[in-house]
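To start, the structure itself, in structure tokens.
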Amino acid sequence: MIRDVLASLGLSSDPRVVFGSPSGGAACAVVNDPTTGRPLCSVRLDDEHSYARTITQSVEAFRRWREVPAPVRGQLVRAIGEEFRKRKAAIGAIITAEVGKITSEAVGEVQETIDIADFAVGLSRQLYGLTMPSERPGHAMREQWLPLGPVGVISAFNFPNAVWAWNAMIAAVCGDSVVWKPSLLAPLTALATNALAERVAAGMGHPGLFSLVMGTDDVIGERLIADARLPLISATGSCRMGRRVGQAVAARLGRSLLELGGNNAAIVHSDADLALASRAIVFAAVGTCGQRCTTTRRLIVHEKVADELVTRLSKAYGSIRIGNPAEEGTLVGPLIHPRAVEEFLAAVAAAKSQGGQVIVGGTRATVPSLAGNFVQPTIIRAPANNQLPIAMQETFAPILYVFTYRDPEEAIALQNSVSQGLSSAIFTSNASLAERFLSPAGTGSDCGLAYVNMGTSGAEIGGAFGGEKETGGGRESGSDSWKAYMRRQTCSINFSGKLELAQGIRFE
Ligand code: NAD
């Protein structure tokens, strides 16, 4: 089936995709189907020589591309967005096959790519700089934004299409070329995505604008982050990866944009609309089988409504269909690999040993005739003293830990008590409490994303996306995130015919 999808995208003869046993001695990675547990195919990996060729081409492409006026660059991005509109179902099918996302979420991910392309087209006419008054007579000052260079993009497995687009569509209108190192857990989506974009770029006279390097972290990843020809590395993945990438890029005084792990909480106050809250929490906690950076992992509920909310959630969890992500009606597909199942089981065992009570799930799930990595979405109640150390870390699986509180200040402190700071939410009908959560003094949620009466996952592309603390501080996607992909130049012009020094200094 994956063969047919690749063929429909004109990729059946891509030499990097190998069906059957690889020949020729080149290093390969097996692509496994998390739904069946069986291999889909293999992909050939880059080595130092092909890496070097790719980077050289990307540098050359950048030198040509930066000369193109930004609104004209926008037209190329528009054409890429159109291509993804036409190929939405096919790319979605590849995402479902290799990462196990249910069809509607996989297609929704491609929609994010289309949305960010639209956003970038508009942005291509709005890369505004400021003008500022000079303190010297007969002088003008202004700021302009210039293309930066080839941008290195490292992506996680769980958004194998959209994370590239958040970076690549914005980088392209900014005048940058893009070199993408995808996760080896999702290389087919990357091959297809990059091929569509590069086909459009080459067809419009800009070959090499979008390129792909695939390889292991030690051979290709480390080379990419150490490469001084890439002034910016935008890396999405775990905090462990971000620590390594951040240090390596800083060591060469490059720029990094880090989008790392989350440990997101939803606070539910006693006056919340529980029907709305429970629907939002179920999607945020079990969607993508708990494998979103913004997944709700901790629920902090007012003690007056805790039992009722947990009962509602348990009922909803009981009706969730776990199974083949390509089948209509399935809400939860598999985890990405068998190791993720082991990590899920280990977290459940740790929670129990720390006094947590499993309310729902906690075990593998069996799906008839499928041997994939299925688990039961799980709810675990913390002990009455709220001490549950395992909940302080991100386990990339559908486990929701439930804590209770009396005083909203206690809830906000609990929400902020983890080392990550990505997404947060409060459910309340009390406007003062909602504003307290969003306090402009910074004493409310300490996360990059803070929502009221909505779940923690499912960000829109128009806002700047990212998180604080160990989530890395990066911002991508909308708002003014584009500034990370450009270099700022402050220009001062003397049209007075006299030399005046700033700060009134006389030097004669
Ligand atoms: P991961 O950290 O294992 O891998 C992410 C990427 O980093 C992969 O492409 C991997 O090959 C690469 N990488 C790892 N070490 C590297 C090195 N030394 N040099 C260069 N590249 C290296 O993460 P994952 O399992 O693919 O994804 C899950 C994690 O990603 C979770 O922690 C999740 O929260 C996070 N995530 C964050 C965001 C966000 O926007 N904040 C979005 C998606 C996923």
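The values are calculated or read from the model by the stated rules, or taken from the named source; none is laboratory data. None of the values given here were measured: they were computed from a predicted structure. Glycine gets a Cβ as well: all are built from the backbone with ideal geometry, and neighbour counts include every protein chain shown. Just the protein is used for accessible areas: all its heavy atoms, side chains included, with ligands, DNA and RNA removed. Shrake-Rupley method; radii C 1.70, N 1.55, O 1.52, S 1.80 Å.
By the scheme Lys and Arg +1, Asp and Glu -1, what is the net charge of all other residues having a beta-carbon under 12 Å from that of Ile380?
+4
Using +1 on the beta carbon of Lys and Arg, -1 on that of Asp and Glu, and nothing else charged, what's the dipole of the chain about the Cα centre, debye to 20?
In debye, rounded to 20, the chain gives about 660.
So if each residue of separation counts as 0.36 nm, and I subtract the Cα-Cα distance between Ser496 and Ala250, what length gain in nm does that give?
84.4 nm
For the chain, build the charge dipole from Cβ charges (+1 Lys, Arg; -1 Asp, Glu) around the Cα centre, then report which of Phe283, Leu191, Ser481 sits farthest towards its positive end.
Leu191
Please name which of Ser319, Ala265, Thr294 has its Cα lying farthest along the dipole of the stretch 264-461 towards the positive end, using unit charges on Cβ (Lys, Arg +1; Asp, Glu -1) and the Cα centre as origin.
Ser319
For Leu345 and Arg142, what is the calculated FRET efficiency with R₀ set at 51 Å and r taken between the beta-carbons, to the nearest 0.05?
Once rounded, the FRET efficiency stands at 0.30.
What is the dipole size for the stretch 264-461, taken about its Cα centre, with +1 at each Lys and Arg Cβ and -1 at each Asp and Glu Cβ, in debye to the nearest 20?
Around 460 debye, computed over the stretch 264-461.
Rounded to the nearest whole Å², what accessible area per residue is found for the chain with the 1.4 Å probe?
42 Å²
Tell me the net charge near Tyr485. Cut-off is 15 Å between Cβ atoms, Tyr485 excluded, with +1 for each Lys or Arg and -1 for each Asp or Glu.
Counting the neighbours of Tyr485, the net charge comes to +3.
Dividing the alpha-carbon Rg of the chain by 2.2 N^0.38 Å yields what?
The chain yields a ratio of 1.04.
What is the percent carbon and sulfur in the accessible area of the stretch 318-360, measuring with a 1.4 Å probe over the protein chains and ignoring ligands?
Here carbon and sulfur together make up 51 percent of the probe-accessible area.
Between Ser314 and Leu130, what length in nm is gained on full extension when 0.36 nm per residue of separation is reduced by their alpha carbon distance?
60.9 nm
Just to confirm the filter: which GluC sites (Glu not before Pro) across the stretch 413-483 are DSSP coil and have at most 12 other Cβ within 10 angstrom of their Cβ?
Hits after loop and neighbour filter: Glu460.
By a straight-distance test (C-alpha under 20 Å), which aspartates and glutamates pair with Lys304 as possible cross-link partners, with residues fewer than eight away in the same chain excluded?
Those aspartates and glutamates meeting the cut-off are Asp271, Asp273, Asp407, Glu409, Glu410.
Give the shape of the stretch 344-437 as rounded, prolate or oblate, defined through the alpha-carbon gyration tensor: a ≥ b ≥ c are the square roots of its eigenvalues, a/c under 1.5 means rounded, and otherwise the shape is prolate if a/b is larger than b/c and oblate if not.
prolate
Pick out, from Met169, Val332, Ser13, the residue whose Cα sits farthest towards the positive end of the charge dipole of the chain, with +1 on the Cβ of Lys and Arg and -1 on the Cβ of Asp and Glu.
Ser13
Once you order the gyration tensor axes a ≥ b ≥ c over the Cα atoms, which shape class does the stretch 7-104 get: rounded for a/c under 1.5, otherwise prolate or oblate by comparing a/b with b/c?
oblate
For the chain, what does the helix formula give at 222 nm: sum of -39500 (n - 2.57) over DSSP H segments with n ≥ 4, over the residue count, nearest 500 deg cm²/dmol?
Mean residue ellipticity at 222 nm (helix-derived): -11000 deg cm²/dmol.
So how strong a dipole does the stretch 39-127 carry about its Cα centre when Lys and Arg Cβ are +1 and Asp and Glu Cβ are -1, to the nearest 20 debye?
380 debye
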